[in-house]
Each structure stands twice: as C-alpha cells, then as structure tokens.
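Peer 1: Mind looking over this structure? Questions follow.
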Amino acid sequence: MAVERTLSIIKPDATRRNLTGKINAKFEDGGLRIVAQKRVQLSQAQAEQFYGVHRERPFFKDLVSFMISGPVVLQVLEGENAIARNREIMGATNPANAAEGTIRKEFAESIEANSVHGSDAPETAAQEIAFFFAGIELVG
Ligand code: UDP
C-alpha cells in the first residue's frame, strides 16, 4: 500500500444543508487526512472543464448546472490507498446502491445531487488536484 492523495469535492447539495463537518468526520474517521481545503463558487467554465470527460453524456448539462448552483468545498485527502479508500467512504454513485454507513447512503439526495466527488484513479487524481490547487496549498 502507498500513501496517495485524491481530490474530493463536497457538492452544492451538501454545502446547502450544512453537512461539511459531518462529511469531513467520515473522511477523518475513515483514516484520511484533509491536507487542503477551500470553499469556492465554481464558474460554468470551470465545471464544464472539470467534468469534460462526461461532455457527451445525457446528464452533462444538468450536472454542470447543479455543480454551480451553490458553493462547493474542494479538498485534497491523503492516506494509505486514499483514492480507493475515499471511494469506499463515499459509496456508489447512485445512493440507491450505496452501502450502509457511506456518505452517499446517508446524505445524497439523488444520483446527481450525491454530495461528494472523489477521483477514480492515480492519473485523474493528479490532474484534478492540479486543476484546483497550487502545490503550496497542500500541507500534509
Ligand atoms: N451523474 C448524473 N447522472 C448519472 C450519472 C452520474 O447526474 O446518470 C453525475 C453524478 O453527480 C456523478 C457525476 O455525474 O457523481 C460523475 O459521474 P461518475 O460516473 O464519474 O460517478 P462518480 O465517480 O462521481 O461516482
């Protein structure tokens, strides 16, 4: 196992309901360290670029609208196997399929408004972290 870093986003449905602290407790209790964190309002261009891989998918336009509907909390999480570990803590994309105790099972409103984003592989984690953070902002 290796120490990794992964990009996390607490999405607008969760910031709207004041769930940042409860979600952060899931990360920390799950063995991850929050090594960077900032609350921002994404622009449409930033949301479109971030989710560019989904540009041709039917849900893309709605997803971008949702992601700019309120503030998000951008985070870098660090720990052993952090990318896969975070995906476990988050739960399945569709909350109907998410395991008990996961963030999405407890907090997600729908398959779109599913409370958190987490990188899915080392390459995307590196790209996504660099998209939102400068190296000086990451403090382990
Ligand atoms: N999404 C959606 N409808 C779908 C599938 C995905 O609105 O049918 C949204 C949802 O917010 C999801 C994001 O698009 O988190 C990215 O989808 P992906 O398949 O990459 O899921 P994730 O990696 O976030 O679990």
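The values are calculated or read from the model by the stated rules, or taken from the named source; none is laboratory data. Not measured: the values here are computed from a predicted model. Here Cβ is always computed from backbone atoms with ideal geometry, including for glycine, and neighbour counts include all displayed protein chains. Side chains included, ligands, DNA and RNA excluded: accessible areas come from the protein's heavy atoms. Shrake-Rupley method; radii C 1.70, N 1.55, O 1.52, S 1.80 Å.
Peer 1: Name the GluC sites (Glu not before Pro) in the stretch 1-70 that are in a loop by DSSP and that have at most 15 other C-beta atoms within 10 Å, would you?
Peer 2: Of the GluC sites (Glu not before Pro), the ones in loops of the stretch 1-70 whose Cβ has at most 15 other Cβ atoms within 10 Å are Glu56.
Peer 1: 5 Å is the cut-off here: which amide hydrogens, built 1.01 Å from N in the peptide plane, fall below it relative to Asp120, excluding neighbours closer than 5 in sequence?
Peer 2: Here the answer is Ala125, since their amide H atoms fall under 5 Å of that of Asp120.
Peer 1: Using a probe radius of 1.4 Å on heavy atoms only, what accessible surface per residue do you get for the chain? Whole Å² is fine.
Peer 2: Solvent-accessible surface per residue comes out at 52 Å².
Peer 1: Then there's this: Work out from phi, with θ = phi - 60° and the Karplus expression 6.51 cos²θ - 1.76 cosθ + 1.60, the ³J(HN,Hα) of each residue of the stretch 61-71, listed in order in whole Hz, and give x for Gly and Pro.
Peer 2: Using θ = phi - 60°, the values come out as 5, 5, 4, 5, 4, 5, 5, 10, 7, x, x Hz.
Peer 1: Could you tell me what percent of the accessible area of the chain is made up of carbon and sulfur, with a 1.4 Å probe and every protein chain present?
Peer 2: 49
Peer 1: What residue among Ile129, Ile23, Ile111 has the largest mean-square fluctuation in a Gaussian network model of the chain, using Cα springs under 10 Å?
Peer 2: Ile111
Peer 1: Using θ = phi - 60° and the Karplus relation 6.51 cos²θ - 1.76 cosθ + 1.60, list the HN-Hα couplings for the stretch 72-89 in order, rounded to whole Hz, with x at every Gly or Pro.
Peer 2: Running phi through 6.51 cos²θ - 1.76 cosθ + 1.60 with θ = phi - 60° gives 10, 10, 8, 9, 10, 10, 10, x, 4, 6, 4, 5, 5, 4, 5, 5, 5, 5 Hz.
Peer 1: I'd like the projected area of the stretch 1-131, averaged over all directions, using the convex hull of its alpha carbons. Report it in nm² with one decimal.
Peer 2: Directional mean of the projected Cα hull area for the stretch 1-131 stands at 7.3 nm².
Peer 1: Additional query: Is the stretch 1-42 best put as rounded, prolate or oblate by its Cα gyration tensor, with a ≥ b ≥ c the root eigenvalues, rounded for a/c under 1.5, and otherwise prolate when a/b is larger than b/c, oblate when not?
Peer 2: oblate
Peer 1: List the longest stretch of the chain that has no exposed loop site; here a site is one of the trypsin sites (Lys or Arg not before Pro) assigned by DSSP to anything other than H, G, I, E or B, with at most 16 other Cβ within 10 Å.
Peer 2: Maximal segment without exposed cleavage sites: 56-140.
Peer 1: Using alpha carbon centroids, what distance separates the stretch 2-32 and the stretch 76-121, in Å?
Peer 2: That distance is 9 Å.
Peer 1: Over the chain, calculate the relative contact order: mean separation of alpha carbon pairs under 8 Å at least 6 apart, over the residue count, as a percent.
Peer 2: Result for the chain is 38 percent.
Peer 1: Hey, another quick one. About its Cα centre, how strong a charge dipole does the stretch 18-140 have in debye, to the nearest 20, once Lys and Arg get +1 and Asp and Glu get -1 at the Cβ?
Peer 2: Roughly 200 debye for the stretch 18-140.
Peer 1: Please label the shape of the stretch 18-84 as rounded, prolate or oblate, based on the square roots a ≥ b ≥ c of the eigenvalues of the alpha-carbon gyration tensor (a/c under 1.5 means rounded; beyond that, a/b larger than b/c means prolate, else oblate).
Peer 2: prolate
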